[in-house]
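Below is one structure, written out as structure tokens; the observations come after it.
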Amino acid sequence: MRKKAQLAAVTLAGGMLALTMSTSAHAAGGPTNLTGKGCPSSYDNNSGGVRWIQTLKSKTQSSTQRWYGLYKVVYLKPNTQEPVSQPNREYACW
């Protein structure tokens, strides 16, 4: 019985991974990595036929005196231009 439960858990995890990958594939390409670009207030790029918009939410300075920017990230659905929120991203601002 234990082997069947382990197999079911692995199958379920694999199915979740496949679902996550296919959902993310809709917004193929991704936002531009802004590390080293000086923390612009906003940045747009087109990748994989999708428009990505990153907006600076906050800027902090580390104990080593480096600046970091936290960005809100959205992409626009190609057919409707409806914004879809993505996880925030943090970049080093040098």
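Can you tell me which residue within the stretch 72-94, out of those that are in a strand (DSSP E or B) and touching a residue at least 40 places away in the same chain (Cβ under 8 Å), is nearest to G36 (Cα to Cα)?
Applying the filter and picking the extreme gives A92.
Could you check the stretch 59-94 and list, in sequence order, the residues that are hydroxyl-bearing (S, T, Y) and either touching a Lys or Arg at 6+ places or on another chain (Cβ under 6 Å) or surrounded by 12 or more Cβ atoms within 10 Å (Cβ to Cβ) (or both)?
Y68, Y71, Y75, Y91
Could you please let me know if T23 is modelled with pLDDT of 60 or more, loosely packed, with under 10 Cβ neighbours inside 10 Å, among the β-branched types (V, I, T) and not in a strand (DSSP E or B)?
no
Hey, among the residues in the stretch 40-71 that are touching a Phe, Trp or Tyr at 6+ places or on another chain (Cβ under 8 Å) and part of a loop (DSSP other than H, G, I, E, B), which one's farthest from A92 (Cα to Cα)?
If we take residues in the stretch 40-71 being touching a Phe, Trp or Tyr at 6+ places or on another chain (Cβ under 8 Å) and part of a loop (DSSP other than H, G, I, E, B), then S62 is farthest from A92 (Cα to Cα).
Of the conditions (1) modelled with pLDDT under 95; (2) touching an Asp or Glu at 6+ places or on another chain (Cβ under 8 Å), I53 fails just one. Which one is it?
Against the list (1) modelled with pLDDT under 95; (2) touching an Asp or Glu at 6+ places or on another chain (Cβ under 8 Å), I53 comes up short only on (1).
The values are calculated or read from the model by the stated rules, or taken from the named source; none is laboratory data. Owing to the predicted nature of the structure, the values given are computational and were not obtained by experimental measurement. We place every Cβ from the backbone using ideal geometry, glycine too, and count neighbours over all the protein chains shown.
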